[in-house]
């Protein structure tokens with residue numbers, strides 16, 4: 001285990017929509033596939049062929065979907081090789097891709113990943129091939145803590161960004177990519193960065209509040225992509241470079257967030273909810289927004305939409321993506337990456 | 001940029017002559033300083049003047065170049081250098097002629113100074129305005145501005161210490177004193193037109209003929225919900241089904257339909273507000289107001305989408321048994337009389 005890390009075990013706290021914890025095997029597969037996928041992704045966009053439909057391989061598909069987000073015009077293709085006729089139903093399970101499968105089929109879907117299923121592997125398939133033995137080999141090579149725990153330091157700092165973004169109302173909703181307007185907020189964040197990094201998991205809260213767990217995991221998934229973001233701009237430590245690419249990075253981050261929410265059990269609002277939402281105004285609309293996203297049995301989120309739609313539906317949320325992208329180089333500097 | 005600069009510098013040769021004169025005067029001033037101090041004073045003034053004119057000429061040429069390239073900082077610095085040059089000339093004048101209190105020249109120069117201040121007060125205000133506008137980034141080359149008091153509406157082409165040159169939408173050019181932009185209000189539409197706000201506003205009012213307002217029957221309600229009708233008009237996607245019932249007012253249903261339809265349009269922003277409302281009744285009928293923002297950064301695109309929205313209103317009113325009010329024309333009257 002590396003020094004100066006804060007290793008925690010967050011996946012154990014995840015619960016399904018009925019409030020039941022996931023099996024040990026499922027949680028174990030998440031850890032394995034997360035470590036494996038993060039190790040494999042080097043920042044260059046690459047299509048992937050996942051050869052196999054075991055629970056472990058489906059977890060690999062889950063984590064590939066979570067992390068394969070690049071600044072590119074072309075989507076990343078994830079091809080799953082499976083002879084199972086009902087593989088789609090399997091993928092729709094909460095422990096794998098959940099609502100993402102249906103969302104990818106929508107006409108208005110503009111996500112940067114594409115999911116394909118084929119019956120047999122062939123050399124014609126585009127992308128890097130991953131087999132179950134690759135994953136197991138990787139896991140066996142690595143130490144237990146490197147696989148079954150997560151260094152949550154980046155996630156803690158990412159969460160501070162979200163909290164700060166929520167506090168500062170004057171982060172502009174319009175002209176969202178005018179990076180100069182974040183200057184004060186970033187100064188405040190740099191001040192906050194000096195604070196000691198405390199653990200992400202508050203056991204008492206995480207045991208009882210599934211939304212808290214999902215938000216915590218959201219920070220982890222977001223933070224796991226920081227290096228990929230840095231790679232996208234050639235690991236440039238100059239803040240100016242991050243500012244110049246802020247819009248492209250923010251669009252990519254929103255796509256990542258949408259995928260993450262869909263996998264975590266959130267769905268886009270349906271026709272009736274949209275009608276209801278549009279018929280409410282001011283505080284009542286905000287309250288309804290919260291009801292939808294906190295209904296543990298059937299989570300729904302207004303912001304699960306394209307970036308363009310987000311700009312017209314809920315522009316106040318755009319600040320989180322933009323602000324986070326500007327904060328990443330500061331976080332990486334703080335953690336001396 | 002370099003070749004462009006060279007072209008301009010060669011074309012505007014007059015101030016290079018002034019530059020040469022500056023060197024000549026400087027040499028003469030040094031020479032005469034040793035011989036006759038009175039002549040030397042005037043030569044010093046000429047030297048200073050030719051230097052200042054040289055600097056102003058150079059800065060004005062550079063301003064033109066920077067204006068072409070929209071180099072805002074370059075323009076600002078050129079204008080500040082011009083201002084400093086004028087300040088330098090005044091300071092030099094005072095020092096050369098040794099203007100001090102008690103000196104006979106003081107009163108004369110004081111009066112001249114006062115008069116010049118009075119004559120050039122707008123210019124002085126202009127300088128202050130220039131600094132204010134540039135320091136707060138309120139005006140840039142290429143900005144679309146409107147000055148209602150002067151009836152000016154166009155794009156900024158050139159900004160100097162004293163004037164702003166605009167290219168109007170009717171292809172004419174206006175030059176206005178920059179001080180106007182400090183004294184009176186002006187509208188800068190650049191943020192809106194470059195898509196940095198919620199969008200471009202559509203604020204339209206339609207007069208709907210009240211004669212066709214009615215509560216719908218069960219048969220009409222069934223029609224609105226029918227598959228055939230929705231295949232054609234798709235209203236169930238934009239109208240809550242519980243609003244379609246016997247006894248519902250068609251005007252209310254239409255307002256709700258239009259509101260939800262606008263909310264779902266990919267080019268319509270839901271913020272800062274999207275309003276579809278009935279306003280005052282007039283003798284022609286009820287006024288339906290539509291207040292929405294179109295997300296775009298292009299005037300033509302905005303006009304296009306605005307027209308699409310208006311056309312949809314005209315088309316969809318009929319689905320709900322409503323119609324726009326149209327004052328009868330002489331043709332209508334004549335046709336009516338002929339029929340009678």
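The values are calculated or read from the model by the stated rules, or taken from the named source; none is laboratory data. Being a predicted model, the structure only gives us computed values, none of them experimental. For neighbour counting, all protein chains shown are included, and Cβ atoms are generated from backbone atoms with ideal geometry for every residue, glycine included.
Computed values, structure above
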item: Close pairs from segment A:161-172: first within 12 Å of residue A:317 (Cβ to Cβ), partner at pLDDT below 75 and not in a helix (DSSP H, G or I), Cβ under 9 Å, at least 6 apart; result: A:165/A:171
item: Residue satisfying all of: in segment B:300-311; touching a residue at least 12 places away in the same chain (Cβ under 8 Å) and either within 23 Å of the chain's Cα centre (by Cα) or part of a strand (DSSP E or B) (or both); nearest to the other protein chains (Cβ to nearest Cβ) among these; result: B:305
item: Those residues of segment B:221-256 which are more than 42 Å from the chain's Cα centre (by Cα), within 14 Å of chain A (Cβ to nearest Cβ) and not in a helix (DSSP H, G or I), in sequence order; result: B:244
item: All positions within segment A:234-273 that are within 14 Å of chain B (Cβ to nearest Cβ), farther than 15 Å from residue A:325 by Cβ, in contact with a helix residue (DSSP H, G or I) (Cβ under 8 Å, 6 or more places away or on another chain) and assigned to a helix (DSSP H, G or I); result: A:271, A:273
item: Residue in segment B:263-284 that is at pLDDT 95 or above, within 28 Å of residue A:305 (Cα to Cα), more than 14 Å from chain A (Cβ to nearest Cβ) and surrounded by 14 or more Cβ atoms within 10 Å (Cβ to Cβ) present; result: no
item: Selection count where residues are over 14 Å from the mean Cα position of the chain (by Cα), loosely packed, with under 14 Cβ neighbours inside 10 Å and closer than 30 Å to residue B:304 by Cβ, scope segment B:174-203; result: 1
item: For residue A:140: the one exception among (1) at pLDDT below 95; (2) surrounded by 15 or more Cβ atoms within 10 Å (Cβ to Cβ); (3) outside any loop (DSSP other than H, G, I, E, B); result: (2)
item: Failed item, numbered, when residue B:182 is tested on (1) more than 14 Å from chain A (Cβ to nearest Cβ); (2) within 30 Å of residue B:148 (Cα to Cα); (3) touching a strand residue (DSSP E or B) at 6+ places or on another chain (Cβ under 9 Å); (4) not in a strand (DSSP E or B); result: (3)
item: Selection within segment B:284-299 - in a strand (DSSP E or B) and within 26 Å of the chain's Cα centre (by Cα); result: B:290, B:291, B:292, B:293, B:294
item: Segment A:41-55, subset closer than 17 Å to residue A:81 by Cβ and touching a strand residue (DSSP E or B) at 6+ places or on another chain (Cβ under 9 Å), residue modelled with the lowest pLDDT; result: A:46
item: Residue check, residue A:298 part of a loop (DSSP other than H, G, I, E, B) and either within 24 Å of residue B:255 (Cα to Cα) or away from chain B (no Cβ under 11 Å) (or both); result: yes
item: Residue B:139 being more than 24 Å from the chain's Cα centre (by Cα) and either in a loop (DSSP other than H, G, I, E, B) or without any contact (Cβ under 8 Å) to a residue 24 or more places away in the chain (or both); result: no
item: Residue tally, condition over 23 Å from residue A:331 (Cβ atoms), out of contact with any strand residue (DSSP E or B) (no Cβ under 7 Å at 6 or more places or on another chain) and touching a residue at least 24 places away in the same chain (Cβ under 8 Å), over segment A:204-224; result: 2
item: Which listed residue is within 14 Å of chain A (Cβ to nearest Cβ) and either part of a loop (DSSP other than H, G, I, E, B) or modelled with pLDDT of 95 or more (or both), from B:197, B:171, B:205; result: B:197
item: Cross-chain or 6+ apart pairs with Cβ under 8 Å, segment A:181-194 first and without any contact (Cβ under 8 Å) to a residue 60 or more places away in the chain, then surrounded by 12 or more Cβ atoms within 10 Å (Cβ to Cβ) and assigned to a helix (DSSP H, G or I); result: A:188/A:164; A:192/A:160; A:192/A:164
item: Given (1) surrounded by fewer than 16 Cβ atoms within 10 Å (Cβ to Cβ); (2) free of Cβ contacts under 8 Å to residues at least 24 places away in the same chain, number of the condition residue A:145 does not satisfy; result: (2)
item: Filter result (out of contact with any strand residue (DSSP E or B) (no Cβ under 8 Å at 6 or more places or on another chain) and buried (at least 19 other Cβ atoms within 10 Å of the Cβ)) within segment A:14-26; result: A:26
item: Failed item in (1) assigned by TED's automatic domain parsing to the domain that holds residue B:46; (2) assigned to a helix (DSSP H, G or I), with residue B:99 passing the rest; result: (2)
item: Failed criterion for residue A:305 (all others in (1) modelled with pLDDT of 90 or more; (2) within 12 Å of chain B (Cβ to nearest Cβ); (3) part of a helix (DSSP H, G or I) hold); result: (3)
item: Any hit, segment A:176-187, residues being under 30 Å from residue A:9 (Cβ atoms) and either in the same structural domain as residue A:66 (by TED's automatic domain parsing) or modelled with pLDDT under 90 (or both); result: no
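The rows are residues; the columns are (1) part of a helix (DSSP H, G or I); (2) within 13 Å of the chain's Cα centre (by Cα); (3) outside the structural domain of residue A:247 (by TED's automatic domain parsing); (4) farther than 17 Å from residue A:110 by Cα.
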site: A:36; (1), (2), (3), (4): yes, no, yes, yes
site: A:39; (1), (2), (3), (4): yes, no, yes, yes
site: A:44; (1), (2), (3), (4): no, no, yes, yes
site: A:53; (1), (2), (3), (4): no, no, yes, yes
site: A:56; (1), (2), (3), (4): yes, no, yes, yes
site: A:74; (1), (2), (3), (4): no, no, yes, no
